[in-house]
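Chemist: Structure below; questions to follow.
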């Protein structure tokens, strides 16, 4: 059999990579629950608070000095758009949580500006979530959550909180901003978990 140089098999149709009900976009739409906060990096901090109230705190210099990763992931918004193969740079939550003594099952993510969202803690471990500060090789713009946002790409994008400030570890699940307004508690795009009851 002769194979032409450069032939890599059939191209996978982009639509086959999309969760049900999603459409492909090449833009990066900006959707926010409130105004974009302007944050001074000299005063920025990220805090993980255990269920016992013990705080683990990093400033900007400390976070960006930690070992970083460059995940390339697909994004899926609850408003039905998807953007494929986006590249980020940031710190795995595994690195940030390794020194935290916890028996918690849940996390409430807090953002500058007051936004919150909830996640099972297991969805933030094992290479599934990052604190990211670069997008496509550039510093993360404020409109997209800069200086730093959470990135949890296997869930709808509202779980990837912009302008992230910290994480509270909890024994009981506590709904965040959109979850108290009727959004699904979990938000799996492949199961179309957009709203409560989905």
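The values are calculated or read from the model by the stated rules, or taken from the named source; none is laboratory data. These figures come from a predicted structure and were not determined experimentally. Because the Cβ atoms are built from the backbone with ideal geometry, glycine has one as well, and the counts that use them run over all protein chains shown.
A quick yes/no check of all residues on (1) surrounded by fewer than 17 Cβ atoms within 10 Å (Cβ to Cβ); (2) at pLDDT 95 or above; (3) farther than 16 Å from residue 151 by Cβ:
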residue	(1), (2), (3)
12	yes, no, yes
27	yes, no, yes
62	yes, yes, yes
66	yes, yes, no
75	no, yes, no
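Chemist: Condition test on residue 99, is it out of contact with any helix residue (DSSP H, G or I) (no Cβ under 7 Å at 6 or more places or on another chain), touching a residue at least 40 places away in the same chain (Cβ under 8 Å) and under 19 Å from residue 170 (Cβ atoms)?
Modeler: In short, yes.
Chemist: Do you know which residues across the range 28-83 are in contact (Cβ under 8 Å) with a residue 60 or more places away in the chain, in a loop (DSSP other than H, G, I, E, B), touching a helix residue (DSSP H, G or I) at 6+ places or on another chain (Cβ under 7 Å) and farther than 18 Å from residue 112 by Cβ?
Modeler: Within the range 28-83, 28, 77, 78 qualify.
Chemist: Something else: Before we move on, is residue 40 surrounded by fewer than 11 Cβ atoms within 10 Å (Cβ to Cβ), at pLDDT below 95 and under 19 Å from the mean Cα position of the chain (by Cα)?
Modeler: Considered against the rule, which asks whether it is surrounded by fewer than 11 Cβ atoms within 10 Å (Cβ to Cβ), at pLDDT below 95 and under 19 Å from the mean Cα position of the chain (by Cα), residue 40 comes out as no.
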